[in-house]
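The values are calculated or read from the model by the stated rules, or taken from the named source; none is laboratory data. Being a predicted model, the structure only gives us computed values, none of them experimental. All Cβ positions, glycine included, derive from the backbone under ideal geometry; neighbour counts span all protein chains shown. Heavy atoms of the whole protein, side chains included, go into the accessibility calculation; ligands, DNA and RNA do not. Shrake-Rupley method; radii C 1.70, N 1.55, O 1.52, S 1.80 Å.
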Amino acid sequence: MGMTMTQKVLAAHCGAEKVEAGELILVNLDLVLGNDITSPVAIAEYNKLGIDKVFDNKKVTMVMDHFAPNKDIKAAEQCKMCRNFCGAQNIEHFYDVGQMGIEHALLPEKGLVVSGDVVIGADSHTCTYGALGAFSTGVGSTDMASGMATGKAWFKVPSAIKFTLKGKLNEYVSGKDVILHIIGMIGVDGALYRSMEFTGEGLKNLSMEDRLCMANMAIEAGAKNGIFEVDEKTLEYVAEHSTRTPVVFKADEDAVYDEEYVIDLSEIESTVSYPHLPENTHLAKDSGDIKIDQVIIGSCTNGRLEDMIAAAKILKGKKVADGVRCIVIPATQKVYLDAMEMGLLKIFIEAGAAVSTPTCGPCLGGHMGILAAGERAVATTNRNFVGRMGHVDSEIYLASPEVAAASAIMGRITDPKEVM
Amino acid sequence: MKFTGNAIKYGDNVDTDVIIPARYLNTIDKKELASHCMEDLDKTFVTRVKTGDIMVAGNNFGCGSSREHAPIAIKESGISLVIANSFARIFYRNSINIGLAILECPEAVAGIGEGDKVEADLDNGVIYNRTTGAEFKTKPFPEFIQKIITAGGLVESIKKGIIK
C-alpha cells in the first residue's frame, strides 16, 4: 500500500521509510509561525519551559497582522510583547507594521516556505502553503510554544481525500469558486482530520493564486491540510521567491484514499456561501435581490495581486452603489505597491472604494470594517460564522473577488457576468 | 479521571468565534476570556455555568479559528469536560495541550439532555446519565495522548522529558 503526498512529506520529516494513517509521529519542523493574537499566549507558555533560546531563530516567524496597525491599547500591548520576544530571541523573520502583510500571503511571497516543508502555524489558515506542495497546518499557541522550543510537533498521520481536477475555469470564475463549490459538496466537516489532495491535468490551468486560495480554505472543510501536486508552475513560483531548494513529493501510484472526487473546472460557476456556514453554497446568479451594505476584498484567502487585478477589471470605470461601503485590502506591502504601480488603487478609489494598509482586520471582526446589527456583507474572506465580522445579527456572504466587486456595483449579490 | 456535573447542551458546528468572539482576543487574561465565553451563541452561559459542569455538543465542535483562547475560556469558566459527536482537529489538540478533558461519544450526546446530571469515569471508559439512569461506553485516549494529559499538558510533558 503506497503513501499519499502528505504521508510522504511527513515520513521524510520523522525519519521513517513509511508512515500509515492513524500512526502518531513526532516530526521535525521547517517553520513555526505565530501572529499578534496567538503568539502572546505562546510566549507565555514558552516562558514556562525554562528553555533560553528557540530551536532556530531563522525558523520561527511572527507576523503582526490581525489587530495591527494596533487597533487599541490592549492590541498594542500584545504586539509589544511579540516585538520584545523576537528582539530578545533575535528572530530573523519578525514582520511589523511597514513590512508585514497578512501572514499567509506574506510567507510564500517572502520565500519562507518551499515545496516539501513541514510548517505549523498558530493560525488555522496555515494550511495555505499546501499550494506549494508543503505539509502545513494550523495549531494552537501551546503547540507553537512547543514547536519554538523543540523544533518538533506530534501528529496523527492523516488519511486523505483525492480531488482530481480537469478542464479549465470559465471567465470571471476563480479558485475561490472551486473551493466554495467543494466545501458545499462535502460539508464543513467533510474532510475532518484528513488531507485534501489536489491533482489532475486541470492543475496546469490554475494559477498559484488560485491554488493558495483553495489550500487556504481546506480548514473550512475540517481538513488537517490541503496539498497540491507540485508542477512547473509551483517550481517557478518557488524559484522566483525563495533561495531554498524545494523537495518534491508525489503520491504513490497505489496510495489509498478514503474518497475520490473528479472536479471539472469548466462546470464551476460563480459561487457564494450564504450565512452562517461556508458549506451553505448557492450560485451567485440565483441570488435574487439580496441587498448589501458592505463589501470586503482582501484577506489571506483573496488579497493577492491576481485578486486585486480581478476586482479592478470589474470596478474599472464603474461606481460602487450608493449605500455600499467597499473596502479593498491588499494583503501585503508588495501587493499594495504592485497594485499602485499598475494603477489598480486609482481604479478602486475612483470607483468609490476605500483602500487600506494590509491587515486581517474585518475578516475576524477585529477592526477596519465591523458590521452593525442587521447589516449584510459580501466578503472574499473565509468564514461567515455568526458574529464573525461584527454584530451577532449581521450576515456575511463569502465570494470571489469577481463576485464581490460586481456585487459592490449592483448593491446586491450578483454574478460578475451581469456587469461585464 | 472522574467528572461530575450538569449538562449544558449545544448543537452542531459550534465555532470558536462564538465560543470566544475575536473582539475579546486583545487579552490573554484567562478570567476575562471566561467572562465572554459562548457570548455570541448563548448569553446566559456565563451566568448559569457552575464549576464541574459538562458541556455536551453535536458534530464538529470548535471549528474555525485556531485560537487557544477558546478551550482556555471554556476551562476557565468551570467546565470540567466537553463531550461531542466530533471535534474540529485544532480545537481537539489545543484542549489536550492545555489540559481540558474532551471526549467523542455520539451515544452519550444523544442520551444526555440539557440539565441532566452526568458522571464520567474516563479511567473505566463509562459515562452515566444519573438523571435517566442510562450508561454509555467510551474509548480510551491513545497512550501518547494519555501521557500528555497525565503530565498536565504539552508544556509539562516537554519539561518532564516525555517529548524531547
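The modelled label-to-label distance between A:Glu260 and A:Ala239, using points 7 Å beyond Cα along the C-beta direction, is 3.2 nm.
So which of A:Lys8/A:Lys152; A:Lys162/A:Lys250; A:Lys110/A:Lys233; A:Lys48/B:Lys147; A:Lys53/A:Lys334; A:Lys18/A:Lys168 end up more than 24 Å apart, counting from Cα to Cα?
Details: A:Lys8/A:Lys152 17 Å; A:Lys162/A:Lys250 13 Å; A:Lys110/A:Lys233 17 Å; A:Lys48/B:Lys147 19 Å; A:Lys53/A:Lys334 31 Å; A:Lys18/A:Lys168 35 Å.
Table pairs above 24 Å Cα-Cα are A:Lys53/A:Lys334; A:Lys18/A:Lys168.
Bridgeable aspartates and glutamates around B:Lys50 (alpha carbons under 17 Å apart, same-chain partners fewer than 8 residues away excluded): B:Glu32, B:Glu39, B:Asp42, B:Glu76, B:Glu114, B:Asp116, B:Glu119. Using a simple spin-label model with pseudo-atoms 7 Å out from Cα toward Cβ, B:Lys43 and A:Glu201 lie 5.9 nm apart.
Exceedance of the 32 Å cut-off in Cα-Cα distance is limited, within the set A:Lys59/A:Lys166; A:Lys224/A:Lys313; B:Lys30/B:Lys159, to A:Lys59/A:Lys166; A:Lys224/A:Lys313. Within region B:1-65, the trypsin sites (Lys or Arg not before Pro) that combine a DSSP coil assignment with at most 13 other C-beta atoms in a 10 angstrom radius are B:Lys43, B:Lys50. Relative contact order of region B:34-107: 33 percent, from C-alpha pairs under 8 Å at least 6 residues apart in sequence.
Taken as Cα centroids, region A:278-347 and region A:247-269 sit 30 Å apart, rounded to the nearest whole angstrom.
Look at the alpha carbon pairs under 8 Å that are at least 6 residues apart: their mean separation over the length of region A:97-160 gives a relative contact order of 24 percent.
If the segment from A:Val97 to A:Arg83 were pulled out straight at 0.36 nm per residue, it would be longer than the present Cα-Cα gap by 3.9 nm. Of all aspartates and glutamates in the structure, the ones whose alpha carbon falls short of 17 Å from that of A:Lys346, not counting any fewer than 8 places away in one chain, are A:Glu306, A:Asp307, A:Asp338. Structure remark: mean-square fluctuation, Gaussian network model of chain A, C-alpha springs under 10 Å; the largest value among A:Met340, A:Met410, A:Met62 belongs to A:Met340. Label-to-label distance for A:Met1 and A:Lys250 is 2.3 nm, based on points extended 7 Å past Cα in the beta-carbon direction. Pairing chains A and B buries close to 3800 square angstrom of accessible surface in total, based on protein heavy atoms and a 1.4 angstrom probe.
Based on C-alpha pairs under 8 angstrom that are at least 6 apart in sequence, chain A has a relative contact order of 18 percent.
In chain A, the calculated helix contribution to ellipticity at 222 nm averages -9000 deg cm²/dmol per residue, counting -39,500 (n - 2.57) for every DSSP H run with n ≥ 4. Summed over the residues of region B:1-98 and divided among them, the accessible surface reaches 30 Å² per residue at a probe radius of 1.4 Å.
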